[in-house]
Structure formats: structure tokens, C-alpha cells
1. Could you calculate the FRET efficiency of A:Ala137 with A:Ala16 from 1/(1 + (r/R0)^6), where r is the beta carbon distance between them and R0 is 45 Å, rounded to 0.05?
2. Using a probe radius of 1.4 Å on protein heavy atoms only, what is the accessible area buried between chains A and B, both sides summed, to the nearest 100 Å²?
3. Please label the shape of the protein assembly as shown as rounded, prolate or oblate, based on the square roots a ≥ b ≥ c of the eigenvalues of the alpha-carbon gyration tensor (a/c under 1.5 means rounded; beyond that, a/b larger than b/c means prolate, else oblate).
4. How well do other chains shield peptide A:224-231, expressed as the mean number of their Cβ atoms within 10 Å of each residue Cβ?
5. Need one value: the accessible area of B:Glu126 in square angstrom, 1.4 angstrom probe, rounded to the nearest 10.
6. Kindly provide the helix-only [θ] at 222 nm of chain A, computed as the sum of -39,500 (n - 2.57) over DSSP H runs of four or more divided by all residues, to the nearest 500 deg cm²/dmol?
7. Averaged across A:83-95, how many Cβ atoms of other chains sit within 10 Å of each residue's Cβ atom?
8. Per residue, how much accessible surface does the protein assembly as shown expose to a 1.4 Å probe? Answer in Å², no decimals.
2 protein chains.
Amino acid sequence: MSGIEDVASLAGVSKATVSRALSGRGYVSAETRLKVSDAAASLGYVVSSSASSLVTGRTNNVGVIIPMINQWFFASILEGVERALLDRGYDLMLYNVTKTVEERLRVFEYFLVRKRVDAVIAVTLEITASETERLLALGKPIVGIGGPLAGIPTLSIDDIAAARLATEHLLLLGHRDVMHVGGDIDEQMDFHVHSKRLMGYQEALTAAGVPHDEHSYVAARFDIPGGYRVGKQILGDPRRRPTAIFAASDEVAIGVILAARELGLSVPDDLSVIGIDNHPLADLFGLTTIEQRPDLQGEQAVAWVIRQLEEPGWTPPGEHTMLPSQLIIRSSTAPPRPRTV
Amino acid sequence: MSGIEDVASLAGVSKATVSRALSGRGYVSAETRLKVSDAAASLGYVVSSSASSLVTGRTNNVGVIIPMINQWFFASILEGVERALLDRGYDLMLYNVTKTVEERLRVFEYFLVRKRVDAVIAVTLEITASETERLLALGKPIVGIGGPLAGIPTLSIDDIAAARLATEHLLLLGHRDVMHVGGDIDEQMDFHVHSKRLMGYQEALTAAGVPHDEHSYVAARFDIPGGYRVGKQILGDPRRRPTAIFAASDEVAIGVILAARELGLSVPDDLSVIGIDNHPLADLFGLTTIEQRPDLQGEQAVAWVIRQLEEPGWTPPGEHTMLPSQLIIRSSTAPPRPRTV
DNA sequence: TAGGATTCTGGAAGCGTTTGCAGACGAGGG
DNA sequence: CCCTCGTCTGCAAACGCTTCCAGAATCCTA
């Protein structure tokens with residue numbers, strides 16, 4: 001491995017000039033710049049990032065804390081973040097933080113603090129006050145996806161509005177017996193998504209004067225099998241069966257659809273189903289849904305974090321930014337079948 | 001941020017001793033070690049990894065090149081790799097390399113070379129000879145998941161054997177009309193998985209003396225909608241319809257099952273379906289499959305790479321290691337329905 | 001008790017960059 | 001014609017660690 005010294009002597013200039021020529025900082029004549037880059041290329045020289053970081057204090061790394069990878073929402077965020085970071089010449093350091101206490105501790109106490117990252121993107125991180133404090137104490141830009149989260153700028157869709165929109169769609173079709181299959185409130189891995197979607201659902205019903213109680217909401221594991229299991233349970237009992245279900249995610253919704261099919265129920269004739277996400281499988285199941293784009297959320301988070309890095313003093317607009325989401329109507333929702341008296 | 005100097009003066013020792021005490025290298029008395037770690041803790045000191053890397057030449061980073069994240073197989077590998085690396089105190093640098101030529105170039109020419117990683121794990125990387133050469137030229141440990149790949153150690157399941165096993169299971173049940181829905185040979189994102197699974201299928205049929213031709217194999221996009229589309233196509237035509245389908249992945253198999261259901265066909269009464277993976281959804285669909293554990297493959301790759309790092313000269317056993325995989329029988333396969341004459 | 005081996009510690013020399021400072025040079029304005 | 005200003009370059013001092021080396025203290029062993 002050749003160092004800057006070798007390039008300097010080959011190009012017939014000093015190390016300082018090589019550094020300036022290659023980094024584009026400070027004055028270098030066009031002619032010298034060319035000589036230097038030729039020399040560097042012919043030697044296959046690349047700057048040592050450790051040496052460079054040591055003096056500049058910048059690592060060109062961004063740490064990403066994410067609770068899981070193997071799920072559409074999270075994987076999409078990660079893809080978006082990765083793409084955006086690489087585009088801007090930053091590297092991505094991945095920290096998959098699960099529920100385990102010791103793992104969380106390790107990441108917070110140890111990894112993030114070692115001067116390895118310039119900034120942090122925290123994805124739906126349920127975080128304690130002391131952890132927030134620790135992150136802020138780093139003095140590094142940090143943006144959360146999800147939220148809101150006291151003290152750090154976050155972005156997400158407006159979960160309440162999205163849930164309201166979904167529920168209103170069902171109400172508008174004429175449904176009066178709408179159940180909500182959501183995530184377990186006690187088990188939300190993130191910033192209260194589950195309770196916010198439940199809230200939006202309740203708001204819509206209340207506004208429309210449609211009665212609802214605690215039996216209108218059932219918790220499910222947040223994936224297809226989870227939706228399936230709850231779907232089987234709810235739909236198996238004809239007296240309990242609603243005319244429409246608002247599922248808190250497309251995966252749950254698809255599980256419900258599978259359960260309905262298995263019970264011989266037609267969607268949407270016997271049951272309307274709506275979800276949230278616009279998951280890649282939504283189209284296959286004709287699922288009406290509220291779209292969100294986690295990849296774009298990832299890109300946005302990167303943009304903010306980089307902007308803070310390159311323009312000190314700048315801060316993201318507002319504590320919690322809500323991205324728009326829109327209704328996509330497919331074939332899983334329809335007016336309720338006229339009641340056979 | 002306090003430096004080693006501060007810790008040294010607080011503990012009343014030299015920088016050298018602090019370094020030794022904290023890193024555990026060289027002689028330090030128990031008493032001094034304690035003083036030093038107390039001082040470090042009270043100052044919130046952590047070593048600067050740039051400074052440390054600069055002198056040791058080690059970054060404690062491992063680069064992971066992966067073609068996609070949003071798919072069970074890849075996400076699982078990534079989770080396995082991440083967990084294993086963090087456990088050993090290494091950080092993970094993520095490079096999501098898609099098909100784009102310029103992106104590949106950028107990663108190979110630029111990112112990996114900047115002295116930022118100690119080793120590389122390449123996941124199902126379809127790689128040119130010159131790229132391989134470039135990777136090897138880094139002189140850094142590198143392990144591939146997938147393979148084989150000339151010159152670098154790789155690991156994967158034995159795709160041919162797995163496909164053979166799956167096909168044999170169908171043959172053993174008495175099927176003679178078995179089709180294969182696989183990936184597009186021309187589009188394989190990785191180390192010839194698709195052609196190897198096709199080959200295993202053909203081998204099994206040939207060995208059993210069951211005739212097969214180019215019409216026995218149909219290419220599908222490698223996901224649920226892909227399997228669904230091809231399933232609709234194959235199963236829609238009663239004259240063409242086989243009694244069993246071996247799908248090259250569980251996602252494709254699930255798509256086929258969905259198509260069959262939609263056509264009013266019963267699985268397994270009218271059609272047996274088997275896949276490969278043991279995807280989380282396999283259980284929900286009662287899918288018989290050949291299990292593989294991408295997370296363990298990831299962990300294994302990490303183990304090899306770290307061992308090479310910590311024990312110079314050691315190399316993984318063999319060029320291409322094949323992991324065992326096993327048949328999991330569920331309800332999607334059964335003997336063919338007796339022919340109604 | 002002497003002498004070597006072992007344990008412990010500090011000084012100082014790097015590791016490979018970036019950057020402040022100063023000097024050199026040419027151009028342009030008064 | 002002199003002075004200033006903008007451009008260009010090199011010297012040398014960091015940046016914050018690790019580690020070689022040498023010296024001191026302690027412990028065994030003969």
C-alpha cells in the first residue's frame with residue numbers, strides 16, 4: 001500500500017499539495033492537480049480514512065439503528081438509507097438492535113460512542129429518556145424515523161390520519177360494523193404506531209356517530225400469520241363477524257384475507273378489508289390500502305442528517321415531520337352486502 | 001471529548017500504561033488496571049478508533065456486499081451476519097450492490113479499497129473475474145455466501161442435492177408428472193442457483209426414468225407474485241396441468257398455491273407443491289419444503305472471516321462448503337389422486 | 001546471596017493524513 | 001514603479017493512539 005509520500009515524490013510535489021489536490025480543498029493549479037491525480041492513479045493510491053479521520057474528526061460513516069431487518073417496512077427503509085448514503089459518499093454502519101437489554105446497552109454505551117460515526121439514524125426506536133440523552137450528548141446529528149420522540153427530530157407518516165382515512169373509506173362505502181385488527185399496544189416495537197392507528201380508527205367512528213367499544217379492536221402479531229390467526233378467530237363466529245376490517249398493516253390484512261377465503265367468505269362481498277402500507281403483495285391480493293414509502297422516509301432522514309453535517313447550525317424543520325400518505329383503492333373493499341332480512 | 005492523556009494524568013500513569021490497561025495487551029498490574037479503568041469510566045473516555053486504526057492497521061469493520069435486502073433470504077443472512085459480528089466486537093459496513101454497473105464499480109473501485117474494512121463478506125455476488133481479482137488483491141479475508149466462486153471460499157446449501165431431494169419426495173409419493181417452476185436462468189442474481197436447482201430436478205427425474213423435456217420447466221420471477229403468475233398460466237390449462245410442482249423457492253411455491261386455490265384446485269388433492277427454504281410463511285400454507293438457514297450461513301461466514309483475521313494463515317476448509325438441508329413434510333404434498341379412467 | 005527471569009512502567013517514535021503559516025510569484029491598481 | 005492582493009506551494013505541527021525499548025522492581029532458583 002502506497003502512502004501520500006509516494007504520490008508526492010512521484011508527482012514531484014509535497015504531501016501538502018497532494019492532499020489539497022486530491023481533496024479539492026485550497027489552491028492547486030490545474031496542472032499540478034493533474035500531475036497528482038495521475039500519480040495517484042498509477043500507484044493505486046487511496047487515502048487512509050483512519051489517518052484522515054484522525055485529523056479532521058470526521059469519519060464519513062453514518063450509524064443506523066434498526067430493530068429488525070426481515071420485514072418489508074424495515075428492509076425498505078434500510079434500502080432507501082443505504083442508497084442515499086452511498087450516493088453522497090458516506091458509508092453505512094448497521095446496528096440491528098433487538099429487544100435484548102444487553103444488546104441495547106452495548107450499542108448505546110459502546111459502539112455509538114467510539115468515535116466511529118458522524119451521525120445517527122434511529123429507526124422506530126423505542127428509547128428511554130436516558131438513552132435519548134446519551135444520544136444527544138454525542139453532539140452528533142440524529143434523526144429518527146417514526147416518532148415523535150422528545151428532543152430529536154423525527155419523521156413518519158401521520159399514523160392517526162392514515163388510520164382515520166382508512167376507516168373513513170369503509171364508512172363511506174356504507175359499513176357500520178367495522179373492526180380494527182392492530183398490533184399489540186403493549187408490544188409496540190416503536191413509537192406508538194399501534195396506539196395511534198387505533199386512535200385514528202376510533203376518531204373516524206366517533207366522528208361518524210358509529211358506536212364502537214373495546215370489542216371492536218383485536219390485537220394481532222404484526223405479520224401475515226398474525227393476521228390470519230386473528231382473522232380465523234373473528235370471522236369464524238358468524239354472530240361476531242363484522243362487514244369490514246381495518247387492519248393496521250397490509251401484512252395483517254393479507255392474513256385476514258387468507259383466513260376469510262379459507263372460511264369460504266368472499267372479499268369484498270362478505271367482508272371488506274383495508275390495510276396500511278401498500279406492501280408489494282397488496283396488488284396480488286387486490287388489497288385496498290393507505291400507501292406509505294419507507295424507502296423515501298429513509299432517503300429523507302439521510303438528507304437531513306447530511307445537511308446537518310455539512311451545514312452546521314441547520315436543523316430539520318419541526319420536531320416531528322409527517323409525510324403524506326394516500327388511499328389506493330383496489331378490490332378488497334366494497335359496499336356491504338344488502339342485509340337479508 | 002477527553003483523550004488518553006487525560007485518563008493518564010487522572011490515573012497518575014503514562015499514556016502507554018493506559019493503552020495497555022484498557023486494551024489488555026502487555027503487562028499491567030491489577031491495581032493499576034483498576035485505577036485506569038476507573039479514571040476512564042469517570043471521564044467517559046473511549047478510544048478513538050481512527051487513532052487506533054492508524055497505528056494498528058486494523059479497523060474492526062467488516063464490509064458486507066449484498067444484492068438486495070428486502071427478501072427473506074437476504075434479510076436473514078444480514079441478520080445473522082450482524083449478530084455474529086456485533087458479538088465479536090466488529091462493526092458491519094453495509095454495501096447494497098444492485099445490478100447497476102456504476103454502483104458496482106463504485107463499491108469495488110472506491111469503497112472497499114479505502115482502508116475501511118478488515119474483511120469482506122460477499123453475498124451471492126455474481127462477480128467477474130476482474131472483480132474477483134480486485135477483491136483478492138486487497139489481501140483481506142473474504143468469504144462468499146453462495147458459490148462456488150473461483151478463488152474465494154464460499155458456502156451455501158447443496159442446491160443440486162436439495163432440488164433432487166425435493167423432486168424425489170414427489171416421485172416417491174407416486175407422481176410422474178412433475179413440473180419445475182424456477183428462476184430465470186438468464187437472470188440469476190447469484191451463483192447459478194437457478195440452474196443448479198433445475199439440474200437437481202432433472203437428475204432426479206432421469207434417475208427415476210421419468211421422461212421430461214424443456215416444457216417441464218417454467219421460469220418465474222423469484223417471489224410470490226411471480227409464482228402466482230406462472231401458476232395461473234400452467235394450471236389454467238387442464239391438459240397441461242401436472243400432478244405436482246417443485247418450486248425453486250417457497251415464495252414461488254406459495255404463489256403457485258395461491259393460483260391453484262383461485263382456480264378451485266385443492267392442494268394437495270389435485271396438486272402437490274414443494275418448495276425450498278422453509279420461509280416463515282411456509283407453515284401457514286402447509287408447505288412441504290427443504291429447509292435452509294440463511295442466518296446460520298451468515299454466522300458461519302463471519303466465523304470464517306474473523307478466524308482468518310485473528311489467526312493469520314488459517315483458511316476455510318475447501319473452496320466451497322455445502323451445508324446440509326433437510327426435508328420438512330407438511331400438508332402440501334400427497335400421493336397423486338388415482339386417475340379416473 | 002548472587003544472578004537471571006519475570007513483571008511492571010515510562011519515554012519517545014511513529015502511524016498517514018490535514019492545515020496554519022509563511023514565502024514566492026504574477027497581475028493589477030494607484 | 002511600488003504596493004496590495006490573489007494564487008500557489010512547502011514546511012512542520014498536530015491528530016490520538018500503540019508499541020518498541022530500556023530501566024526499575026520483584027520474584028525464583030541455585
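The values are calculated or read from the model by the stated rules, or taken from the named source; none is laboratory data. Please read these numbers as outputs of a predicted model, since none were measured by experiment. In this analysis, Cβ positions are derived from the backbone assuming ideal geometry, glycine residues included, and neighbour counts consider all displayed protein chains. Ligands, DNA and RNA are stripped out before the accessible areas are found, and what is left, the full protein with its side chains, is counted by its heavy atoms. Shrake-Rupley method; radii C 1.70, N 1.55, O 1.52, S 1.80 Å.
1. With a Förster radius of 45 Å, E is 0.80.
2. In total, chains A and B hide about 4400 Å² from solvent.
3. It comes out oblate by the Cα gyration axes.
4. Per residue, the average neighbour count from other chains is 2.
5. Around 80 Å² of this residue is reachable by solvent.
6. Working: 12 runs with 141 residues, N = 341.
Here the helix-only value at 222 nm equals -13000 deg cm²/dmol.
7. Mean number of neighbouring Cβ atoms from other chains: 4.
8. Here the per-residue accessible area is 43 Å².
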